[in-house]
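Below is one structure, written out as structure tokens; comments come after it.
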Amino acid sequence: MGGESKAAWGAFLGDLDARGLDRPLFVIVDGAPGLEAALVALWGETLPIQRCTVHKHRNLLGHAPKHMHDELTEDYRDMIYADSAVEIETRRKAFLRKWRLKCRAVADSLEEAGDRRFTFTRLDPSLWKSARTTNAIERLNEEFRRHIKTQTVLPCAETVPMLLWALMASGRIQMRKVDGWETLAQPVARSALTSRPDQAQIPMLGGRRQRISTRFETQPRRAGLRSFPRRPRAGSISPMSYRIPPSAAARSPSRGP
């Protein structure tokens with residue numbers, strides 16, 4: 001069964017489920033309604049589903065006159081790439097207020113996805129870059145098409161997964177770790193845009209959890225302070241940084257190139 005219908009995706013997902021696939025913790029989709037409906041039918045409404053922000057950007061541009069594209073892109077990126085969930089929600093409301101007046105179809109298109117446009121805010125901020133879009137799988141598809149572009153017809157459907165596996169096993173197609181992979185083990189928050197952005201749940205040894213502050217990731221530095229990287233010593237785990245007031249920096253002797 002081919003196509004992008006709910007039935008087609010339901011058959012595909014049902015086969016994976018029958019072969020032992022566990023319920024996903026987080027799913028990123030391109031916006032195909034059949035896929036979303038099949039996911040919800042199999043694993044329920046509580047399944048965290050993220051709609052790709054790149055695909056939605058293209059949809060918004062399709063609803064706006066060409067002379068508004070630059071302004072629309074700037075407003076959309078300011079919203080999607082804000083530093084915290086609270087800031088994203090604030091800019092989302094401002095975006096809707098503005099574009100309901102300038103171009104109603106743009107606002108309606110953004111609202112169509114609901115909170116699934118911002119499900120990535122339920123994850124640790126280090127994962128936001130990878131969780132906002134389907135870029136990882138799109139890159140894999142692009143690399144696969146590039147390697148088989150000289151073969152117009154494959155012998156049968158079974159050839160496709162065999163060839164993909166062979167290309168990956170041989171190293172001709174390489175996968176990289178997603179940004180923020182170190183925090184993948186952290187639990188997904190219960191809802192997007194509602195939890196406090198300065199708190200995150202971190203799993204501890206023994207199954208216990210504690211809440212630690214991540215305010216340094218979601219709030220800007222105070223005015224009047226500058227950050228300077230400290231060169232890591234041999235054997236250190238990660239580089240550290242320290243801040244000094246500008247007045248102290250001005251008294252420090254300058255170094256030549």
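The values are calculated or read from the model by the stated rules, or taken from the named source; none is laboratory data. For clarity, every value in this text was computed on a predicted model and none was experimentally measured. FYI the Cβ positions are ideal-geometry reconstructions off the backbone, even for glycines, and counts take in every protein chain you see.
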Revision key, fill the gap. Residue pairs within 6 Å by beta carbon, gap of at least six or interchain, first lying in the range 78-96 and free of Cβ contacts under 8 Å to residues at least 40 places away in the same chain, second surrounded by fewer than 17 Cβ atoms within 10 Å (Cβ to Cβ), listed first then second, are R91/D78
Point to revise | Lone unmet requirement of (1) modelled with pLDDT of 75 or more; (2) in contact with a Leu (Cβ under 9 Å, 6 or more places away or on another chain) for W181 | key: (1)
Revision key, fill the gap. Filtering the range 122-159 down to residues that are basic (K, R), outside any helix (DSSP H, G or I) and at pLDDT 85 or above yields R132
Review point. Yes or no: I212 closer than 30 Å to S84 by Cβ and either modelled with pLDDT under 80 or touching a Phe, Trp or Tyr at 6+ places or on another chain (Cβ under 8 Å) (or both)?
Key: yes
Check your understanding: For the range 75-89, does any single residue satisfy the condition of being within 30 Å of E182 (Cα to Cα), of a type in the set (F, W, Y), touching a strand residue (DSSP E or B) at 6+ places or on another chain (Cβ under 6 Å) and part of a helix (DSSP H, G or I)?
Key -> no
Practice item. Could you check, for the range 125-142, whether at least one of its residues is of a type in the set (K, R), closer than 30 Å to D15 by Cβ and surrounded by 14 or more Cβ atoms within 10 Å (Cβ to Cβ)? Key: yes
**Study point:** Any chance A105 is in a helix (DSSP H, G or I), in contact with a His (Cβ under 7 Å, 6 or more places away or on another chain) and farther than 22 Å from A189 by Cβ
**Key:** yes
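Residue by residue, here is whether (1) among the hydroxyl-bearing types (S, T, Y); (2) touching a helix residue (DSSP H, G or I) at 6+ places or on another chain (Cβ under 6 Å); (3) surrounded by 13 or more Cβ atoms within 10 Å (Cβ to Cβ) holds:
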residue	(1), (2), (3)
W9	no, yes, yes
L25	no, no, no
T46	yes, no, no
N59	no, yes, yes
D75	no, yes, yes
A85	no, yes, yes
K93	no, no, no
C103	no, no, yes
D115	no, no, yes
